[in-house]
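Let me begin by presenting the structure, written as structure tokens, before commenting on it.
The values are calculated or read from the model by the stated rules, or taken from the named source; none is laboratory data. In this text the structure is predicted, and so the values were computed from the model without any measurement. Note that we place each Cβ from the backbone using ideal geometry, even for glycine, and neighbour counts take in every protein chain shown.
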Amino acid sequence: MPYVTTNDGVKLYYEECGSGTPIVFVHEFAGDHRAWETQMRHFGQRYRAITYGARGYPPSDVPNDLAMYSQARAADDIAAVLDGLGIAKAHIVGLSMGGFATLHFGFRHADRALSLVVAGCGYGAEKGARDKFRSEVDAVAASLENDGIRAFAARYAYGPTRVQFENKDPRGFAEFKQQLSEHSAVGARLTQLGVQKERPSLYDLIDQMKALTVPTLVLTGDEDWPCLQPALLMKQTIPSAALSVMPNCGHTINIEDPDQFNRLVGEFVVQVDCGRWPVRDARALVASITGMK
């Protein structure tokens with residue numbers, strides 16, 4: 001199996017196909033590298049498409065030390081994948097937990113990013129939701145420790161922003177749920193406690209977002225309720241960001257509606273590669289609706 005090794009000695013499993021400009025896909029908490037299969041097949045026809053398993057997700061290493069899991073490490077692991085594959089710069093596409101990692105990669109390694117796609121990003125980000133989110137993380141961690149991964153997956157897969165996927169594509173949803181049940185309970189628990197629970201609120205990252213000029217596409221489903229306001233915040237704050245909202249979609253947009261997801265990401269990447277992706281015109285920020293004042 002192919003692996004890259006991070007600076008702190010964790011082996012990350014990866015897969016790649018195609019050739020050309022590299023695109024790296026970063027998975028969500030409930031997914032793994034397999035969740036990007038439709039993107040690997042699509043983008044691998046015209047790009048060097050790469051996906052990998054985050055630390056804690058077999059066949060990547062599953063460190064037993066909580067200190068080995070953090071938002072900063074998740075962002076730096078993307079850089080470790082690039083380093084291991086000898087890639088200077090790449091387009092980075094992340095969903096949910098992977099979307100947070102992608103955004104933080106932009107903060108920490110902007111010179112390595114051709115572009116950023118920050119999809120389904122926002123759970124627990126709103127100020128008023130922080131305590132509730134952290135308590136939910138504790139409940140998830142307790143379930144993983146006490147009940148095991150299979151029992152956990154049977155419940156977690158039916159969250160309020162995932163049932164849309166089951167309604168549209170029962171076979172695809174069944175595959176998603178099965179793959180979730182194959183994760184490491186230890187890795188999932190430590191990921192929740194080390195990455196999810198401790199990551200900063202997007203509302204505490206305003207200054208970093210204002211300084212981010214890497215071409216950025218923010219994607220969200222219109223029924224991914226916890227991500228709608230954070231998506232708007234990122235659009236308003238990141239000067240190089242565009243926002244696209246996928247209709248009648250929940251959280252797992254890359255597998256719930258892969259055709260639309262691939263089209264949006266593909267058009268974005270083409271514009272970036274052509275040098276046509278804009279930074280927001282300052283004239284668009286005037287307070288007057290008409291611009292007459």
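Within segment 246-291, the set of residues being crowded, with 18+ Cβ neighbours inside 10 Å and aliphatic (A, V, I, L, M) comprises 246, 253, 255, 264, 265, 269, 272. Is it the case that residue 197 is over 30 Å from residue 271 (Cβ atoms), without any contact (Cβ under 8 Å) to a residue 12 or more places away in the chain and in contact with a Gly (Cβ under 9 Å, 6 or more places away or on another chain)? No.
Residue 83 meets each of the listed conditions (1) buried (at least 23 other Cβ atoms within 10 Å of the Cβ); (2) at pLDDT 95 or above apart from (1). For segment 176-198, the condition holds for no residue, the condition being that it is under 20 Å from residue 221 (Cα atoms) and in a loop (DSSP other than H, G, I, E, B).
Yes or no: residue 122 closer than 30 Å to residue 238 by Cβ, touching an Asp or Glu at 6+ places or on another chain (Cβ under 9 Å) and at pLDDT 95 or above? No, not satisfied. The set of residues from segment 204-227 being assigned to a helix (DSSP H, G or I), touching a residue at least 24 places away in the same chain (Cβ under 8 Å) and surrounded by fewer than 16 Cβ atoms within 10 Å (Cβ to Cβ) comprises 206, 210, 225.
If you go through segment 159-177, how many residues are exposed (fewer than 13 other Cβ atoms within 10 Å of the Cβ) and touching a helix residue (DSSP H, G or I) at 6+ places or on another chain (Cβ under 9 Å)? Selection size over segment 159-177: 3. More than 22 Å from residue 198 (Cα to Cα) and among the aliphatic types (A, V, I, L, M): does that describe residue 90? Against the criterion (more than 22 Å from residue 198 (Cα to Cα) and among the aliphatic types (A, V, I, L, M)), residue 90 qualifies.
Considering (1) surrounded by fewer than 17 Cβ atoms within 10 Å (Cβ to Cβ); (2) at positive phi; (3) in contact (Cβ under 8 Å) with a residue 12 or more places away in the chain, the lone condition that residue 18 does not fulfil carries the number (1).
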